[in-house]
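Values quoted throughout were computed directly from the atomic coordinates according to the rules given, and no laboratory measurement underlies them. As the structure is a prediction and not an experimental result, all values here were calculated from the model. Cβ: placed from backbone, ideal geometry, glycine included. Neighbour counts: every protein chain shown.
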Amino acid sequence: MVLHAQPGVFLLLTVPDGPPRYLGRDDKDIREKLVKWLGRSYRYFKFLYCETPQEAFQKQCELYHSHKRTLDNTRHPERSEGTEWRCSLCDFYE
């Protein structure tokens, strides 16, 4: 259960223990973002709180590279506006 408003990442699934279908992140309130997505085609989720927005970005990049073959959102995660964060797994922002 997502209780706290803090940065984090989430994976949405269409079936329990199925492959991830959507990958999301919020730099301030993962709970609010997750509520917006649940109930559409996605009924199940996994999530991870992060300490900082940059940690959430890095985790989202890791999950993207691990699961991009099954995701409905196929674009590389975007960094937050005004940052120079880089993905540690590719040269997307080089």
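What translational D, rounded to a whole number of µm²/s, comes out for the chain from Stokes-Einstein when the hydrodynamic radius is the Kirkwood one over Cα pairs, at 10 °C and 1.306 mPa s?
Result for D is 118 µm²/s.
When Lys and Arg each count +1 and Asp and Glu each count -1, what net charge do the other residues less than 15 Å away from ILE30, Cβ to Cβ, add up to?
Around ILE30, the surrounding residues sum to +1.
Using a Gaussian network for the chain with springs between C-alpha atoms less than 10 Å apart, which of these wobbles most: PRO16, PRO53, PRO77?
The residue with the greatest mean-square fluctuation here is PRO16.
Share of Cα-Cα pairs in the range 1-40 beyond 15 Å, in percent?
Value for the range 1-40: 38 percent of Cα pairs lie more than 15 Å apart.
Out of residues 5 or more away from PHE45 or on other chains, whose amide H comes under 5 Å of its own, with H placed 1.01 Å from N in the peptide plane?
LEU13
On a 0 to 90° scale, report how tilted helix 53-67 is relative to the longest principal axis of the chain, with both axes built from alpha carbons and the result rounded to the nearest 10.
Approximately 70 degrees, to the nearest 10.
Quick one: what are the phi-derived ³J(HN,Hα) couplings along the range 13-18, Karplus 6.51/-1.76/1.60 with θ = phi - 60°, whole Hz, x for glycine and proline?
Values, residue by residue: 10, 9, 9, x, 6, x Hz.
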